[in-house]
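The values are calculated or read from the model by the stated rules, or taken from the named source; none is laboratory data. Remember, it's a predicted structure, so these values are computed and weren't measured experimentally. With ideal geometry, Cβ positions are generated from the backbone for all residues, glycine too; neighbour counts draw on all protein chains shown.
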Amino acid sequence: MSELLRIENITKKFGSLVANEDVSFTIDEHEIVSLIGPNGAGKTTLFNSIAGYYPPTSGKVFFHGKDITGKPAYEICRLGITRTFQVVKTLKEMTVEENIMTGAFLHTGSRKQAQVMAGEIMEMTGLSDKKNILGGSLTIIDKKRVEIARALATKPELLMLDECMAGLNQTEIKDVMNLCLDLRKNGLTLLIVEHIMEAIMPISDRIVVLNVGRKIAEGIPSDVVNNEEVIKAYLGDRYHAEGN
Amino acid sequence: MVNIMKKYSLAFVMLAAFIIIPLAVRTTDVHNVIIYILIYAMVGEAWNLITGFTGQTSFGHAAYFGIGAYTSTVMLEYFHITPWIGMLAGGLISAALAFIINFKMFKLKGHYFAIATLCVAEILKTIFSKWTWVGAGDGIALTPITALIPDVGKSAVAKLAWLSLDVRNRLPFLYTTLAVFCVIFIICAALENSRIGFYWKAIRESHEVAESIGINPRNYKLLAMCLSAFFASVGGTFFAQFFKYIDAITVFPLSVSMIFVLVTVLGGLGNVYGPIIGSVIYYSLDLLMRRLTGSSGTGLDQIVFGALIVLVTCTEPRGIMGIVDRIRLKLAAGKRGGESHE
């Protein structure tokens with residue numbers, strides 16, 4: 001498998017606060033990599049640095065071997081990296097279909113074609129019967145679906161999901177897990193920030209653990225859950241016991 | 001084609017009304033009111049592009065309105081150039097100015113941007129009220145076109161080019177205004193349904209989402225602002241030709257900017273029908289109050305209009321068209337419910 005994204009020694013400081021310090025890892029094509037860590041570990045900051053929402057203080061981001069550090073978010077999206085938001089940002093005054101079409105317009109100027117693309121994606125994400133509902137009046141699970149669908153409509157190579165399972169019930173989480181696996185089967189690469197261990201462990205190929213801005217572990221899920229430092233920092237004894 | 005007819009059926013009904021009413025009611029005050037309606041609806045459509053669709057509140061559209069009025073007037077009075085060309089020139093100057101100013105100003109968000117737009121109009125007002133070449137405080141009174149250019153009637157085309165914008169032929173002038181309004185309306189409606197319109201609305205709701213799906217917000221905001229400035233300027237040219245007199249405090253003040261805002265907000269912000277509906281109500285009220293009370297009722301229409309704005313925006317932020325849409329949805333739902341019942 002060839003390398004898709006490489007992060008080299010990313011450091012991000014906000015004044016005297018160090019949010020990320022010297023973080024490096026790589027993501028290969030068709031991989032599902034998860035980024036975990038306790039609150040305040042710097043996951044979303046790292047996410048924002050990769051997606052171009054603010055430039056890292058130092059360090060580099062490479063996509064397909066090309067340096068993309070500090071490029072604006074819309075350019076990074078055009079290169080093939082699309083993100084979702086932790087706090088869902090559904091376009092409230094547009095219908096579900098229009099939300100997704102807005103993403104699809106990245107690849108076509110034609111309204112008809114955008115509609116066809118949106119239709120396919122709604123099929124895949126289970127939104128077809130809700131296409132005429134306004135974004136603002138959806139339930140939280142459907143808002144999250146729209147969030148993912150809109151990102152998918154830009155046809156990314158790397159999809160970055162920021163806590164897309166928080167606030168969902170067990171069945172809904174299962175749906176999202178299956179969707180992630182389907183997407184990978186369709187050729188996408190995923191970088192997932194998530195808190196819900198039960199969901200993340202079975203679908204991830206690799207896990208990167210952050211704590212207080214630093215990477216403290218990286219590896220396949222079963223190794224990570226047994227890593228002493230990770231347990232101490234984040235998972236706690238209870239999960240450690242359950243994991244065994 | 002049938003789809004378009006169905007989707008914009010309201011537009012066709014209104015167009016028919018605007019064609020028939022001036023022929024049916026041949027009084028000057030009614031014709032004047034209709035011209036006012038069309039001019040302010042024109043600028044309302046322009047304002048709607050940047051504020052209604054793209055979400056960047058402008059309280060200074062009088063700036064572009066005034067530039068349109070002054071450019072065509074100066075070109076006509078000083079250089080004897082037809083207002084049609086003056087209209088285009090004014091539009092291009094406005095668009096260029098909008099580009100230069102907003103290139104940096106779009107870094108401001110929300111209220112701060114709105115205040116900055118207000119300042120631009122106020123600065124222009126001050127400049128034009130001191131600038132002697134354009135009449136300074138005295139302004140410019142427009143000479144009748146036939147007096148200015150006596151040999152205008154050489155060919156039919158030349159005649160049309162000059163006299164279609166001479167307000168002394170009130171009915172032809174009214175229909176010219178209507179035609180130009182229709183062109184602007186069609187462009188706005190087409191834009192709303194295109195990729196550009198979708199991007200504008202995405203930016204209105206969230207800059208971050210827009211960026212996450214590959215939209216450069218600044219470029220699309222600039223496009224909206226430049227188009228908006230162009231159309232507002234066209235409205236300014238019509239105003240000058242209609243009013244036959246301009247000075248800085250007639251075309252540049254905040255009260256003029258607010259008319260564009262208020263008619264659009266009442267009619268429906270972010271709805272292509274909003275400006276025309278709002279404008280019809282605003283000027284019909286004006287006419288009605290004058291007919292009912294004579295000159296003693298001056299300002300009464302403003303009180304009623306103000307109350308109406310408060311009432312409508314409190315019940316539905318998307319204005320009268322928002323209420324219409326809601327009723328339409330309810331009716332559609334009722335129909336479906338009825339069908340399933342059977």
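Checking A:Gly109 against (1) of a type in the set (Gly, Ala, Ser); (2) within 13 Å of another protein chain (Cβ to nearest Cβ); (3) under 30 Å from A:Glu3 (Cα atoms): exactly one of these is not met. Which one?
A:Gly109 satisfies all of (1) of a type in the set (Gly, Ala, Ser); (2) within 13 Å of another protein chain (Cβ to nearest Cβ); (3) under 30 Å from A:Glu3 (Cα atoms) except (3).
Assess whether B:Leu49 counts as being surrounded by 19 or more Cβ atoms within 10 Å (Cβ to Cβ) and out of contact with any Leu (no Cβ under 8 Å at 6 or more places or on another chain). Steps first, please.
Details: surrounded by 19 or more Cβ atoms within 10 Å (Cβ to Cβ): yes; out of contact with any Leu (no Cβ under 8 Å at 6 or more places or on another chain): no.
Here the answer is no, as B:Leu49 does not meet what is asked.
Show me the helices (runs of 4 or more DSSP H) entirely contained within region B:127-200 in which 3 or more residues are more than 14 Å from every other protein chain (Cβ to nearest Cβ) and within 26 Å of the chain's Cα centre (by Cα). Explain how you work it out, then say what you get.
Details: elements: B:145-148, B:156-163, B:170-192.
By residue number, B:156-163, B:170-192.
Provide a single number: the residues in region B:207-237 that are of a type in the set (S, T, N, Q), more than 14 Å from chain A (Cβ to nearest Cβ) and out of contact with any Pro (no Cβ under 9 Å at 6 or more places or on another chain). Step through it out loud before you land on a result.
So the first thing to find is which residues in region B:207-237 are of a type in the set (S, T, N, Q), and the list is B:212, B:216, B:219, B:228, B:233, B:237.
Cutting the leftovers down to more than 14 Å from chain A (Cβ to nearest Cβ) gives us B:228, B:233, B:237.
After this cut, where a residue has to be out of contact with any Pro (no Cβ under 9 Å at 6 or more places or on another chain) as well, the list is B:228, B:233.
The number of residues fulfilling the criteria is 2.
Taking A:Glu147 and the conditions (1) touching a Phe, Trp or Tyr at 6+ places or on another chain (Cβ under 8 Å); (2) at pLDDT 95 or above, which numbered condition does it fall short on, given that it satisfies the others?
A:Glu147 satisfies all of (1) touching a Phe, Trp or Tyr at 6+ places or on another chain (Cβ under 8 Å); (2) at pLDDT 95 or above except (2).
Report the residue count in region B:109-135 for those that are of a type outside the set (Phe, Trp, Tyr), touching a helix residue (DSSP H, G or I) at 6+ places or on another chain (Cβ under 8 Å) and surrounded by 14 or more Cβ atoms within 10 Å (Cβ to Cβ).
Residues in region B:109-135 being of a type outside the set (Phe, Trp, Tyr), touching a helix residue (DSSP H, G or I) at 6+ places or on another chain (Cβ under 8 Å) and surrounded by 14 or more Cβ atoms within 10 Å (Cβ to Cβ): 10 in total.
Any residue in region A:84-101 that is facing chain B (nearest Cβ under 9 Å) sitting within a Cβ distance under 8 Å of a residue that is crowded, with 22+ Cβ neighbours inside 10 Å and assigned to a loop (DSSP other than H, G, I, E, B)? List the pairs, counting only those 6 or more apart or interchain.
These pairs meet every condition: A:Thr84/A:Cys164; A:Glu93/B:Gly270; A:Glu98/A:Leu91; A:Asn99/A:Thr90; A:Asn99/A:Leu91.
A quick yes/no check of all residues on (1) buried (at least 22 other Cβ atoms within 10 Å of the Cβ); (2) in contact with a His (Cβ under 8 Å, 6 or more places away or on another chain); (3) without any contact (Cβ under 8 Å) to a residue 12 or more places away in the chain; (4) assigned to a strand (DSSP E or B):
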| site | (1), (2), (3), (4) |
| --- | --- |
| A:Leu4 | yes, yes, no, yes |
| A:Ile7 | yes, no, no, yes |
| A:Thr11 | no, no, no, yes |
| A:Ser24 | no, no, no, yes |
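Quick check: is even one residue across region B:61-77 part of a helix (DSSP H, G or I) and surrounded by fewer than 19 Cβ atoms within 10 Å (Cβ to Cβ)? Quick ask: steps written out before the conclusion?
Here is the first cut: in region B:61-77, the ones part of a helix (DSSP H, G or I) are B:62-77.
So of that shortlist, the ones also surrounded by fewer than 19 Cβ atoms within 10 Å (Cβ to Cβ) come out as B:77.
Yes.
Looking at A:Ile50, A:Ile7, A:Ile100, A:Ile32, which is the one that is in contact with a helix residue (DSSP H, G or I) (Cβ under 6 Å, 6 or more places away or on another chain), assigned by TED's automatic domain parsing to the domain that holds A:Glu218 and of a type outside the set (S, T, N, Q)? Write out each step before concluding.
Numbers: A:Ile50 fails: in contact with a helix residue (DSSP H, G or I) (Cβ under 6 Å, 6 or more places away or on another chain); A:Ile7 fails: in contact with a helix residue (DSSP H, G or I) (Cβ under 6 Å, 6 or more places away or on another chain); A:Ile100 fails: assigned by TED's automatic domain parsing to the domain that holds A:Glu218.
Sole residue among the options that is in contact with a helix residue (DSSP H, G or I) (Cβ under 6 Å, 6 or more places away or on another chain), assigned by TED's automatic domain parsing to the domain that holds A:Glu218 and of a type outside the set (S, T, N, Q): A:Ile32.
Kindly provide the set of residues from region A:158-187 that are within 16 Å of A:Ile121 (Cβ to Cβ) and either hydroxyl-bearing (Ser, Thr, Tyr) or within 14 Å of another protein chain (Cβ to nearest Cβ) (or both), ordered by number.
Once the filter is applied, which keeps residues that are within 16 Å of A:Ile121 (Cβ to Cβ) and either hydroxyl-bearing (Ser, Thr, Tyr) or within 14 Å of another protein chain (Cβ to nearest Cβ) (or both), region A:158-187 yields A:Leu159, A:Leu161, A:Cys164.
Looking for something touching a residue at least 40 places away in the same chain (Cβ under 8 Å) and of a type in the set (Lys, Arg) - is there at least one such residue anywhere in region A:109-121?
So in region A:109-121, the residues touching a residue at least 40 places away in the same chain (Cβ under 8 Å) come out as none.
The answer is no; no qualifying residue exists.
Go through region B:18-48 and give me each residue that's within 26 Å of B:Ser228 (Cα to Cα) and small (Gly, Ala, Ser).
Those that are within 26 Å of B:Ser228 (Cα to Cα) and small (Gly, Ala, Ser): B:Ala41, B:Gly44, B:Ala46.
Cβ contacts < 6 Å: first residue at negative phi and part of a helix (DSSP H, G or I), restricted to region B:299-311; second residue modelled with pLDDT of 80 or more and of a type in the set (A, V, I, L, M, F, W, C), any location; separation 6+ or different chain. Result?
Correct list of pairs: B:Leu300/B:Met289; B:Asp301/B:Leu285; B:Asp301/B:Met289; B:Val304/B:Leu285; B:Phe305/B:Leu285; B:Ile309/B:Leu266.
Could you tell me which numbered condition B:Cys314 fails, if it satisfies all but one of (1) assigned to a helix (DSSP H, G or I); (2) more than 25 Å from B:Ala69 (Cα to Cα); (3) under 14 Å from the mean Cα position of the chain (by Cα)?
Evaluating B:Cys314 over (1) assigned to a helix (DSSP H, G or I); (2) more than 25 Å from B:Ala69 (Cα to Cα); (3) under 14 Å from the mean Cα position of the chain (by Cα) leaves (3) as the failure.
Among the residues of region B:281-290, are any at pLDDT below 95, polar (S, T, N, Q), surrounded by 24 or more Cβ atoms within 10 Å (Cβ to Cβ) and assigned to a helix (DSSP H, G or I)?
From region B:281-290, those at pLDDT below 95 are B:281-290; that's our starting set.
Within this subset, residues satisfying the condition of being polar (S, T, N, Q) are B:284.
Next, from what is left, pick out any that are surrounded by 24 or more Cβ atoms within 10 Å (Cβ to Cβ): none.
Among the residues of region B:281-290, not one is at pLDDT below 95, polar (S, T, N, Q), surrounded by 24 or more Cβ atoms within 10 Å (Cβ to Cβ) and assigned to a helix (DSSP H, G or I), which makes the answer no.
Identify the residue in region B:30-59 that is β-branched (Val, Ile, Thr) and over 14 Å from the mean Cα position of the chain (by Cα) and, among all such residues, is nearest to B:Thr117 (Cα to Cα).
Of the residues in region B:30-59, the ones β-branched (Val, Ile, Thr) are B:30, B:33-35, B:37, B:39, B:43, B:50-51, B:54, B:57.
So of that shortlist, the ones also over 14 Å from the mean Cα position of the chain (by Cα) come out as B:30, B:33, B:54, B:57.
Details: B:Val30: 34, B:Val33: 29, B:Thr54: 15, B:Thr57: 8 Å.
Among them, the one singled out is B:Thr57.
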